[in-house]
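S.K.: Take a look at the following structure, please.
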Amino acid sequence: MYTFKAGKEKLSYNFSDAAALEKWEQAFTAFEAAQGGLPKDAAGSAQIRYVCGTVFDLFDAIFGGGTAKKVFGDSCDLEICVEAVGQLIEARRAADEKAGARIQAMAAKYSPKK
């Protein structure tokens, strides 16, 4: 389980569990696809609401319904949303790095080439 801060909330996620990682992958695939639907001719405020809506959907898809409300409150701020997605991606990278280091340490400890 990896714990990190996103927006106003401290979140935990098990990046080592195959089912949890699959959920993560599916949520990010949907998030990336939704970015292609950004209404380019809409007003700036509508574009911000659209992008933030995709971020809210991403958090709810990964962590469960209501998570976006806990993380973002009533805010629909593009900078806060972009920062939160960055924190989410960084958490995944850090968890992968930590798991890789543990695997390497275990392999070194039990390697017959000692």
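Just so you know, all these numbers are worked out from the coordinates, no wet-lab data involved. These numbers come from a predicted model, not from an experiment. FYI the Cβ positions are ideal-geometry reconstructions off the backbone, even for glycines, and counts take in every protein chain you see.
S.K.: Only residues in region 101-114 that are without any contact (Cβ under 8 Å) to a residue 40 or more places away in the chain and within 16 Å of S16 (Cα to Cα) count as the first member; pair them with residues that are surrounded by 10 or more Cβ atoms within 10 Å (Cβ to Cβ) and hydrophobic (A, V, I, L, M, F, W, C), Cβ under 6 angstrom, at least 6 apart or cross-chain, and list the lot.
M.R.: none
S.K.: Let me ask another. Looking at (1) assigned to a helix (DSSP H, G or I); (2) under 27 Å from M1 (Cα atoms), which one does G65 not meet, given that it meets all the others?
M.R.: With (1) assigned to a helix (DSSP H, G or I); (2) under 27 Å from M1 (Cα atoms) applied to G65, the lone miss is (1).
S.K.: Quick one: in region 1-40, of everything that is out of contact with any Phe, Trp or Tyr (no Cβ under 8 Å at 6 or more places or on another chain), hydrophobic (A, V, I, L, M, F, W, C) and without any contact (Cβ under 8 Å) to a residue 12 or more places away in the chain, which residue is surrounded by the most Cβ atoms within 10 Å (Cβ to Cβ)?
M.R.: Result: A33.
S.K.: Additional query: Mind listing whichever residues of region 1-51 are among the hydroxyl-bearing types (S, T, Y), out of contact with any strand residue (DSSP E or B) (no Cβ under 7 Å at 6 or more places or on another chain) and not in a loop (DSSP other than H, G, I, E, B)?
M.R.: The answer is T29, S45, Y50.
S.K.: Follow-up question, since we're still on this one. Search region 58-83 for residues that are more than 19 Å from T29 (Cβ to Cβ) and pair each with any residue that is surrounded by 14 or more Cβ atoms within 10 Å (Cβ to Cβ) and aromatic (F, W, Y) when their beta-carbon atoms are under 7 Å apart and the residues are at least 6 apart or on different chains.
M.R.: V71/F59; F72/F56; I80/F72
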